[in-house]
1. Specify the residue that is surrounded by the fewest Cβ atoms within 10 Å (Cβ to Cβ); the eligible residues are those in the range 233-251 that are among the polar types (S, T, N, Q) and touching a helix residue (DSSP H, G or I) at 6+ places or on another chain (Cβ under 9 Å).
2. With respect to ALA379, determine if the residue is touching a Leu at 6+ places or on another chain (Cβ under 7 Å), crowded, with 19+ Cβ neighbours inside 10 Å and either over 20 Å from ILE406 (Cβ atoms) or not assigned by TED's automatic domain parsing to the domain that holds GLU249 (or both).
3. Would you please list the contacts, defined by Cβ atoms under 8 Å and residues six or more apart or on different chains, that run from a residue in the range 275-299 that is exposed (fewer than 13 other Cβ atoms within 10 Å of the Cβ) to a residue that is of a type in the set (Val, Ile, Thr) and not in a loop (DSSP other than H, G, I, E, B)?
4. Which residues, counting only those in the range 90-136, are within 28 Å of GLY304 (Cα to Cα), modelled with pLDDT of 70 or more and assigned to a helix (DSSP H, G or I)?
5. Could you tell me which of the residues GLY239, GLY268 is free of Cβ contacts under 8 Å to residues at least 24 places away in the same chain, more than 30 Å from ALA110 (Cβ to Cβ) and outside the structural domain of LYS83 (by TED's automatic domain parsing)?
6. From the list LYS383, LYS394, pick out the single residue that is over 30 Å from VAL223 (Cβ atoms) and charged (D, E, K, R).
7. Enumerate the pairs (first residue in the range 365-380 and in contact (Cβ under 8 Å) with a residue 24 or more places away in the chain; second residue anywhere and of a type in the set (Asp, Glu)) with beta-carbon separation below 8 Å, excluding pairs fewer than 6 apart on the same chain, so at least 6 apart or on different chains.
8. Among the residues of the range 183-195, are any assigned to a loop (DSSP other than H, G, I, E, B) and acidic (Asp, Glu)?
Amino acid sequence: MPNKPHINLMTAGHVDAGKSTLIGRLLYDTGAIREEEMRKLKEIAKEMKKETFEFAFVMDQVKEERERGVTIDIAHKPFETQKWFFTIIDTPGHRDFVKNMITGASQADAAIFVISAKEGEGIQDQTKEHAWLLKVLGIGQMIVVLNKMDANNYDEKRFNTLKEEVSKLLKMIGYKVEDIPFIPVSAFVGDNVAKKSDKMPWYKGQSLVETLDSYIKEPEKPVTKPLRLPIQDVYSITGVGTVPVGRVETGVMKTNDTIVFEPSGVKGEVKTIEVHHQQIQEAKPGDNVGFNVRGINKADVRRGEVVGHPNNPPTVAKEFTAQIIVLQHPTVITNGYSPVFHCHTESVACTITEIIAKIDPRTGAVVQEKPDFIKTGDAAKIKVTPTKPFVIEKNADFPELSRFAIRDMGMTVAAGVCLEVVKAK
């Protein structure tokens, strides 16, 4: 395993802002992808008449994604800078794929927020939606990349105008804009990605790679907390057995540990643990691992379950109290509304049984007790009952497993955080 500290880095931003191209360029320029691999991708791009997509194809490995030119799944790729060992999570910007974006964001330590500087693109609906989600999902470290600077001749005025607009948006959401680096980039050409570009003498800051090293801080690793590891997928591997995959959020999982999966309550013993195809003895917070479990079948566990130790199992909620902010809803939200809650890797329909109070999102002060309804822009405290058992933790204990997004009608209608949980018997 690398000796450098490990950071999970995600990208966010509107669908055509150039996220995948930026990452392809980043991986190529830092030597994470070899020349011949890049050549192959160029040929595929040419065949498919998508000449500018070769860098994007590095991440978009699914055939359908290549044909549509959009990112659907979350790809994980490692690369290194002088200081860090990064796993990049390329998340989709497309409307239909926001739930994958939420899974990606819930695993990230820092985000590169990509916005197209091309005239007519800039801040779009998705840009706003992603910005809110990053905030609610607790991603504090952000680098803003204004991409496609080559499309407007590296114009300083365009950069400044857009920087101002984005700053306004981020400030409104509650980010400290003065701490956030803004970098003008052309991912396709390679300006300001791994090295400083000579085409923008007016820009005095660092390249993206230099910024990653100077700006990003290592997150605190909650090693002393009880183990929590949400399952992303479960594989059945011939000759090995059942291999669940996921990221350790808190605590430590060691080989030979007895573990429990909740809400199913299934127990097993950890035989081996792997990170990027290398065996390790113990998995710590931030590690994306596959682990082989003795005593369980593939049918016993599924995505969305959370692993813990039997002496402190993950909390299965009978009901919970949460604070939410309504991002967009065509009408109003009332008691009895049952949308889908996405929390860590799980998605479950839940019923809002009571709107306790409307609150001021900036101060947290109660504006109105027991309102009849809440609408777009409102923040509220609510009581929620899941329609089937699922794991959610309160923010004070495990912030990593307390954040959620509420989706309905193909869009993210609200995002929030769990404050209290009543355990299921």
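1. SER236
2. In short, no.
3. Note: pairs meeting the criteria are GLN279/THR272; GLN279/ILE273; GLN281/ILE273.
4. GLN126, THR127, LYS128, GLU129, HIS130, ALA131, TRP132, LEU133, LEU134, LYS135
5. Matching residue, one of GLY239, GLY268: GLY239.
6. LYS383
7. That search, which allows pairs on different chains as well, returns ALA379/ASP360.
8. So in the range 183-195, the residues assigned to a loop (DSSP other than H, G, I, E, B) come out as 185, 187-190, 192-195.
Keeping just the survivors that are acidic (Asp, Glu) gives none.
Among the residues of the range 183-195, not one is assigned to a loop (DSSP other than H, G, I, E, B) and acidic (Asp, Glu), which makes the answer no.
The values are calculated or read from the model by the stated rules, or taken from the named source; none is laboratory data. Just so we're clear, the structure is a prediction, and the values are computed from it rather than from any experiment. FYI the Cβ positions are ideal-geometry reconstructions off the backbone, even for glycines, and counts take in every protein chain you see.
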